[in-house]
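The values are calculated or read from the model by the stated rules, or taken from the named source; none is laboratory data. Computed from a predicted structure; not experimentally measured. Cβ sites come from the backbone with ideal geometry, for glycine too, and all protein chains shown count toward neighbours. All accessible areas refer to the heavy atoms of the entire protein, side chains included, with ligands and DNA or RNA removed. Shrake-Rupley method; radii C 1.70, N 1.55, O 1.52, S 1.80 Å.
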Amino acid sequence: MLHQHPLLVALGELFAAQGHEIAVVGGPVRDALLGRPVNDLDLTTSARPEQIEQIVSGWADAVWDVGREFGTIGVRKGDEQIEITTYRSDQYDAASRKPVVAFGDTLAGDLSRRDFTVNAMAVVLATGKLVDPFDGHTALVERRLTTPVTAQQSFDDDPLRMMRAARFVAQLGFAADADVVSAMTAQAERIEIVSAERVRDELDKTLCAADPVAGLRLLVETGLADRVLPELPALRLTDDEHHRHKDVFEHSLTVLEQAIELEARLERQPDLVIRLAALLHDIGKPRTRRFHTGGTVTFHHHDVVGAKMTRKRLRELRYSNDVIDQVALLVELHLRFHGYGSGEWTDSAVRRYVRDAGPQLDRLHVLTRADCTTRNARKAARLQRTYDDLEARIAVLREQEELDSIRPDLDGTQIMEILGLAPGREVGEAYRFLLDLRMDRGPLGEEQAAEALRAWWAARG
């Protein structure tokens, strides 16, 4: 158990000798009771920050100030690093999510300001006693998400907790209690006072959890998604072109689940980029939906429109440029495979597919396969065989031609030498001509490429 951890035993003895209580609290206690791995240790104590420093000095290898005004001191002993925070009894400013910091005198008081009852349990280090004033253990056993105070007060104090509710539903497989759902719905607009970066971080944790769909459904159901990712609930308004799914929202959640099943093909699991791309790949559909006589519906260019919408939304959520570029490219290319038909693409078309996907090719394979949600088993099998064929052709061409680093047969220096040019726009045009030639005909060798270059130059007049 946690209190038997050698580092925690030593800390318990140190603080008890000075007349102070210290306990491990929150997530580590929850995870230990669930049998999950315990990573970061969160400790709380009756000692004030300056007393914490005095108690651990001489024992710890390093002590530093994490945030004295918040009562938090950092400690390193050997290879282990922990943070110790004085009991808190904060009040929150209703116009922001920033607490007016006040130190508390009791462990129960500190636990009352925690977000959910499953995170409002502590183990006192000196005795190993579980302190659970809000019955978090029962909520844990029943897999329910409840709050120590009323959900309305909890979320009013800190609106980010509404995003955390969705994250815990996704991570732990819990169900949010009715009052939690009700308070999230009533106070959804308060999420707008929270910084985009903090909202993004919780969204990432939800997406990378074991069951992100459960968390996303809660965000949509309560109206939070309308505030932080409005393109997602907008998909509920759009029947897909095959009329075989309830709506594009459901289709997108299925694609996300299927992409997760295929993540073993990728270097990283969980892979945030593929999960974002799977979730957002069809967000251009509402904007491009057109009705036609005969009852048909089309979504022409929803891939291109969706890529632009993806860039805008991810920028607003303060994602890095790398993530934005990767996700937007996948959204833009997610329909490209459907031009492959039954394998009619030329080698040139396959080369362009690889070139356009670039480093995202493996993710594009996953997204394209995941995007097949037809209930027609024969059609699904045919699509899978066709994509198997495309991947096989890519593998053959990659072995023959080093597809991942396609370059023209001549570089810029050689082009200038052959055509007698100085650096400038014309060299770039010649380079693009040779690259297109390489795409169309494969490797030519320097001699043939030079001959073709001279003929192209002469024909330009």
Of all residues in segment 288-306, which are under 16 Å from residue 235 (Cβ atoms), assigned to a helix (DSSP H, G or I) and not hydroxyl-bearing (Ser, Thr, Tyr)?
302, 303, 305, 306
Just to be sure before I move on: is residue 69 open to solvent by 20 Å² or more (accessible area, probe 1.4 Å), of a type outside the set (A, V, I, L, M) and either closer than 21 Å to residue 127 by Cβ or modelled with pLDDT of 90 or more (or both) in the structure I sent?
no
Could you say which residue among 126, 95, 120 is under 17 Å from residue 153 (Cβ atoms), touching a helix residue (DSSP H, G or I) at 6+ places or on another chain (Cβ under 8 Å) and at pLDDT 90 or above?
120
All but one of (1) open to solvent by less than 40 Å² (accessible area, probe 1.4 Å); (2) out of contact with any strand residue (DSSP E or B) (no Cβ under 6 Å at 6 or more places or on another chain) hold for residue 262; which doesn't?
(1)
When restricted to 263, 267, 241, 257, the only residue over 30 Å from residue 159 (Cα atoms) and at pLDDT 95 or above is 263
Could you check segment 268-295 and list, in sequence order, the residues that are out of contact with any helix residue (DSSP H, G or I) (no Cβ under 7 Å at 6 or more places or on another chain) and in contact (Cβ under 8 Å) with a residue 40 or more places away in the chain?
289
Of the residues 344, 399, only one is over 23 Å from residue 435 (Cβ atoms), surrounded by fewer than 17 Cβ atoms within 10 Å (Cβ to Cβ) and of a type outside the set (Lys, Arg); which?
344
Failed item, numbered, when residue 396 is tested on (1) within 25 Å of residue 340 (Cβ to Cβ); (2) modelled with pLDDT of 85 or more:
(2)
When segment 1-47 is checked residue by residue, the ones that are among the β-branched types (Val, Ile, Thr) and within 26 Å of residue 116 (Cβ to Cβ) are 22, 24, 25, 29, 38, 44, 45
What do you reckon, is residue 62 surrounded by fewer than 13 Cβ atoms within 10 Å (Cβ to Cβ) and either under 25 Å from residue 38 (Cβ atoms) or modelled with pLDDT of 90 or more (or both)?
yes
For segment 352-364, the count of residues that are over 17 Å from residue 276 (Cβ atoms) and open to solvent by 10 Å² or more (accessible area, probe 1.4 Å) equals 4
By residue number, the members of segment 365-382 that are open to solvent by less than 40 Å² (accessible area, probe 1.4 Å), assigned to a helix (DSSP H, G or I), in contact with a helix residue (DSSP H, G or I) (Cβ under 9 Å, 6 or more places away or on another chain) and under 18 Å from residue 341 (Cβ atoms) are 365, 368
Of all the residues that make up segment 157-170, how many are open to solvent by 10 Å² or more (accessible area, probe 1.4 Å) and at pLDDT 95 or above?
4
